[in-house]
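Everything on this sheet refers to the single structure shown next.
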Amino acid sequence: GESVGLHLPTLSVQEGDNSIINCAYSNSASDYFIWYKQESGKGPQFIIDIRSNMDKRQGQRVTVLLNKTVKHLSLQIAATQPGDSAVYFCAEKSGGNLIFGKGTKLSVKP
Amino acid sequence: DTAVSQTPKYLVTQMGNDKSIKCEQNLGHDTMYWYKQDSKKFLKIMFSYNNKELIINETVPNRFSPKSPDKAHLNLHINSLELGDSAVYFCASSQGWGGAGNQPQHFGDGTRLSIL
């Protein structure tokens, strides 16, 4: 069946360090992937996306890597800041809908 | 200006009641969605809707029904509320439908529904 999951439910990093959040997906036909950030009391906020014809995409302090061979997606955050503390979700587009992973809580220690 | 706005932010009500949650988007998107987020933060699609088609997740009870007065609004009506309906409900919108362009969905800040 289709599923999107995360290897680590929680991640704690020191301020200034880089963070890596991982995600596994099972539907090899998925052609579009998104990372969302959800802060407490807020809705998911778009961070970055990537299409299946790419393996890397960079934004401001964030990089998404896509490995279609092993069906793995990662989000890298450079120089992690306290404001990055949130729950991060990966999502894959399958059959027109987004299927979300379970989320990883990122905690940034000052 | 808020791109996707939901009202109310909090909704506390008794079991058995009927309630509605409103959603409006000012992004000019043609597709809107409703999601349910449970206590473990798991987000699950309930409905996908544009002006031509409604896709219902088969796991959603028929007590839940989306209603769209126009392209910018998609309200969620819930009849005979049950304890298990307690969750945060998110509205979202995007440009494009299905395979017609890969565009991110933009979310509202959610409605926290608590059933007493």
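The values are calculated or read from the model by the stated rules, or taken from the named source; none is laboratory data. These figures come from a predicted structure and were not determined experimentally. Virtual Cβ from ideal backbone geometry, glycine too; neighbours counted across all protein chains shown. SASA here: full protein model, heavy atoms, side chains in, ligands and nucleic acids out. Shrake-Rupley method; radii C 1.70, N 1.55, O 1.52, S 1.80 Å.
Restricting attention to segment A:39-53, which residues are farther than 20 Å from residue B:43 by Cβ and either open to solvent by less than 50 Å² (accessible area, probe 1.4 Å) or modelled with pLDDT of 95 or more (or both)? Selection gives A:52 alone. Of everything listed in (1) more than 14 Å from chain A (Cβ to nearest Cβ); (2) farther than 18 Å from residue B:103 by Cβ; (3) buried (at least 21 other Cβ atoms within 10 Å of the Cβ), the single unmet condition for residue B:77 is (3).
Taking segment A:58-80 as the range and being of a type outside the set (S, T, N, Q), touching a strand residue (DSSP E or B) at 6+ places or on another chain (Cβ under 9 Å) and closer than 30 Å to residue B:47 by Cα as the test, the residues that pass are A:64, A:65, A:66, A:71, A:72, A:73, A:75. Screening segment B:33-54 for residues that are basic (Lys, Arg) and exposed (fewer than 13 other Cβ atoms within 10 Å of the Cβ) and picking the one that is nearest to the other protein chains (Cβ to nearest Cβ) gives B:40.
Checked against the criteria, residue A:95 does not count as within 10 Å of another protein chain (Cβ to nearest Cβ) and open to solvent by less than 20 Å² (accessible area, probe 1.4 Å). On inspection, residue A:83 fails the criterion of being surrounded by fewer than 21 Cβ atoms within 10 Å (Cβ to Cβ) and under 21 Å from residue B:46 (Cβ atoms).
The selection criterion, being in contact with a Lys or Arg (Cβ under 9 Å, 6 or more places away or on another chain), open to solvent by less than 70 Å² (accessible area, probe 1.4 Å) and over 21 Å from residue A:48 (Cβ atoms), holds for residue B:89.
What number of residues within segment B:55-72 satisfy the criterion of being more than 19 Å from residue B:112 (Cα to Cα) and either open to solvent by less than 50 Å² (accessible area, probe 1.4 Å) or touching a strand residue (DSSP E or B) at 6+ places or on another chain (Cβ under 7 Å) (or both)? Counting residues in segment B:55-72 that are more than 19 Å from residue B:112 (Cα to Cα) and either open to solvent by less than 50 Å² (accessible area, probe 1.4 Å) or touching a strand residue (DSSP E or B) at 6+ places or on another chain (Cβ under 7 Å) (or both) gives 6. Answer with yes or no whether residue B:102 is in contact with a Phe, Trp or Tyr (Cβ under 6 Å, 6 or more places away or on another chain), open to solvent by less than 20 Å² (accessible area, probe 1.4 Å) and within 13 Å of chain A (Cβ to nearest Cβ). Spelling it out, it is not the case that residue B:102 is in contact with a Phe, Trp or Tyr (Cβ under 6 Å, 6 or more places away or on another chain), open to solvent by less than 20 Å² (accessible area, probe 1.4 Å) and within 13 Å of chain A (Cβ to nearest Cβ). Out of segment A:21-38, which residues are surrounded by fewer than 14 Cβ atoms within 10 Å (Cβ to Cβ) and without any contact (Cβ under 8 Å) to a residue 60 or more places away in the chain? Selection gives A:28 alone. Does residue B:27 satisfy being within 11 Å of chain A (Cβ to nearest Cβ) and either in contact with a strand residue (DSSP E or B) (Cβ under 9 Å, 6 or more places away or on another chain) or open to solvent by 70 Å² or more (accessible area, probe 1.4 Å) (or both)? Spelling it out, it is not the case that residue B:27 is within 11 Å of chain A (Cβ to nearest Cβ) and either in contact with a strand residue (DSSP E or B) (Cβ under 9 Å, 6 or more places away or on another chain) or open to solvent by 70 Å² or more (accessible area, probe 1.4 Å) (or both). Where strands (runs of 3 or more DSSP E) sit wholly within segment B:6-63, those with at least 2 residues that are at pLDDT below 95 and touching a Phe, Trp or Tyr at 6+ places or on another chain (Cβ under 9 Å) occupy B:31-37, B:43-50, B:54-56.
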